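The values are calculated or read from the model by the stated rules, or taken from the named source; none is laboratory data. All values reported here derive from a predicted model rather than from experimental measurement. Glycine gets a Cβ as well: all are built from the backbone with ideal geometry, and neighbour counts include every protein chain shown. The protein model used for the area step is the full one, side chains on, heavy atoms only, and it has no ligands, DNA or RNA in it. Shrake-Rupley method; radii C 1.70, N 1.55, O 1.52, S 1.80 Å.
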Amino acid sequence: MVLAGATALAAPLALVGVSTSSAAPETVAAPAAPGPASGPSASPGDDEHPDRTGGIDGEAMRQRIMHESPGKNAPGLRADEDALRVQEKDSGDTADDGGQEAQRLPAPRTPSGWEVRVDGSLSTEAIDPEPIAPNDEDDGAIPLARDLRLGAERDGISTTGTIGDGPHGSEGTKTGDYDFYRLDASKGETLTVDLAPGGELAANALLYDADGNLVVGAQDMTGDGAVHLSERITEPGAYYVAVGNHYPADPFDPASGPAVITEGPYDLDITVHARGEADTDTFVVPLRQGDVLGTTVRGAARQVAIHELSGELVQASSTDPGVIYPDDSPLPRGGNATGNHVVEKSGLYLVSVADGSGDYELTVGAHRAPSTQRERPQTVLLDFSGPSFDNRIFGASAVEPGVRDISPMRDFLPRWGLEKSDERAVIEATTARVREMLRDEIPGSQVRVVTSLEHPDLFGKPGVSRVIIGGDPEEAGIIPALGLSESVDPGNFARAETAIVMPGPMSGDESPISLNHFLTDDSDRVRAVAQGLGNTTGHEIGHFLGSFHTDDDDEPTNVMNTGNRLQFYAVGPDGVAGTVDDDHIAMRTSRYDPLQGISGIEDTIGRTSVALR
């Protein structure tokens, strides 16, 4: 997936393709019938390499990719030109020593926050990659990977390839083509990957370890097509770089891709710097609870990272997620790499710059979250009425831009086997689920969650964000997805945003990702529908309160998971939705989703708590 649009990270089930046609697409099998071993929350059992993809509609994902570009005008470099400027002293080059030798940055206190700009230079010696011929097919899995002999014979390679020319591309099985490359790396070495897709190819760069675990992935978030990945190796051994769309269910099986999504040629550079050869500059910044740290770097550097003083990684970024911040956010953005952290614990933190050779300009700033400024508590309106709305708030994700009329939630109730008279019960249960997630389970939360039944005209007043719950992607004129959020807003600076959750693809027997596949005579259908709607709504709200996607493989389930496995239906071990063993989905502390180009640990509870106090 390309997470390039203003709303790309904000689509909870966007990687699960959505079909609103009368028949399920040939490339996707419907989920297994309910039973003890089925359902999105079922354990992978004894599978050595469990499925990570869920049911994916390749055509829906292709449409999503083709329509995603920076959906709002990408702001370019966003930083305070009047910020205090300092010169990097190159006194410390690692976060591993607790910042003992790191340069401390001044933090001039103002009521709203501060910014500092650092002029620095990285002394990493550039590697001239050796040109090599393209891979031979089939190279679509770990056992078929080409050994690049990096380290043993060369420090870097440059090659070309094509996604789609293998036996599983559009001319073959149509499960999706991948190209795999093997290398051996030692602890402390730094691996970099630069991928330049051509044609219509919108590719991911993926890094696997020898056991097939996805270490990190990267994708284009800026709209220029280029993909960059940088990873410091922590465990010695064999590693595998893969190029393709999304990721395969099993990297050991070349036929386990989700579908043909996009195809085309690419240029690829892979380099490895020995331990100590890759320069890193580290700075100490003092932060208070309620600060929202932002940082972006331009020039030669291509990675920023935030650590606690202990050296524990908070967030590392080799991309610019600032393209999906709202316009009202004061956080710096627009560089080669952008990072952020919502501070729950006061203290000293480390900001480091790496991955490059030459001069850079780093912007570091901390801005006070509105919740610390005596703002009125946030109100969230759940609008089930089917309102008209202008879908251009979703940027390029609006494939038919303009004001749209959508069906109210009650029109979809018969498709779940409910009556329209069940509307109030479903609304009340959905609202209770959202309130539990955002108010009862979040420390200090002052959020007010209300519905269109009691407050039909509330949106538009200060401090009121809304989630529209109704319609389907065709009615809404947006890309295939179950939901979209207007932004990802660390700190909740924009307090009047909109998200949408669409019951269309969640209902009826035709959709391969319908809740109906998990409904039986044993289901409490009001409960099942309310859980699906409520959990998906909580996910979208989580985005406009500042949280990114988290790793589907982390347990227990975080509501900010991508949704590729349909976890939001909360199906328990019995494989049936709306029964006593249903899963409890909540905001938790989890690893970031490895495909976003950012890594580390997201404290979803802390981010939400600061946003809602």
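Tabulated results
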{"read-out": "Selection from region 274-326 of residues that are of a type in the set (S, T, Y) and assigned to a strand (DSSP E or B)", "value": "T282, T295, T296, S317"}
{"read-out": "Considering residues of region 277-322 that are basic (K, R) and within 24 Å of the chain's Cα centre (by Cα) only, the residue nearest to F548 (Cα to Cα)", "value": "R302"}
{"read-out": "Restricting region 251-287 to residues that are within 20 Å of Q103 (Cβ to Cβ) and surrounded by fewer than 17 Cβ atoms within 10 Å (Cβ to Cβ), the residue that is modelled with the highest pLDDT", "value": "P286"}
{"read-out": "Looking only at region 565-583, and only at residues there that are out of contact with any helix residue (DSSP H, G or I) (no Cβ under 9 Å at 6 or more places or on another chain) and touching a residue at least 24 places away in the same chain (Cβ under 8 Å), the one that is least open to solvent (accessible area, probe 1.4 Å)", "value": "G572"}
{"read-out": "Filter result for L350 (assigned to a loop (DSSP other than H, G, I, E, B), open to solvent by less than 20 Å² (accessible area, probe 1.4 Å) and touching a strand residue (DSSP E or B) at 6+ places or on another chain (Cβ under 8 Å))", "value": "no"}
{"read-out": "Condition broken by P480, with the remaining ones in (1) open to solvent by 40 Å² or more (accessible area, probe 1.4 Å); (2) in contact (Cβ under 8 Å) with a residue 40 or more places away in the chain satisfied", "value": "(1)"}
{"read-out": "Filter pass, E428 being in contact with a Lys or Arg (Cβ under 7 Å, 6 or more places away or on another chain), part of a helix (DSSP H, G or I) and open to solvent by 10 Å² or more (accessible area, probe 1.4 Å)", "value": "no"}
{"read-out": "Checklist (1) without any contact (Cβ under 8 Å) to a residue 12 or more places away in the chain; (2) under 24 Å from I478 (Cβ atoms) applied to E454, failing item", "value": "(2)"}
{"read-out": "Number of positions in region 467-485 that are in a loop (DSSP other than H, G, I, E, B) and either closer than 22 Å to V426 by Cα or modelled with pLDDT under 95 (or both)", "value": "6"}
{"read-out": "In region 490-499, the residues that are among the aliphatic types (A, V, I, L, M), in contact with a Gly (Cβ under 8 Å, 6 or more places away or on another chain) and touching a residue at least 60 places away in the same chain (Cβ under 8 Å)", "value": "A499"}
{"read-out": "Verdict on N516 being open to solvent by 10 Å² or more (accessible area, probe 1.4 Å), modelled with pLDDT of 95 or more and within 22 Å of E423 (Cβ to Cβ)", "value": "yes"}
{"read-out": "Single residue of E602, E540 found to be part of a helix (DSSP H, G or I), of a type in the set (D, E) and touching a residue at least 40 places away in the same chain (Cβ under 8 Å)", "value": "E540"}
{"read-out": "Single condition V526 does not satisfy, out of (1) assigned to a helix (DSSP H, G or I); (2) of a type in the set (A, V, I, L, M); (3) out of contact with any Gly (no Cβ under 9 Å at 6 or more places or on another chain)", "value": "(3)"}
{"read-out": "Subset of region 223-250 that is in a loop (DSSP other than H, G, I, E, B) and of a type in the set (V, I, T) - its residue that is surrounded by the most Cβ atoms within 10 Å (Cβ to Cβ)", "value": "I233"}
{"read-out": "Selected residue [assigned to a strand (DSSP E or B) and open to solvent by 10 Å² or more (accessible area, probe 1.4 Å)] from D211, D220, D184", "value": "D184"}
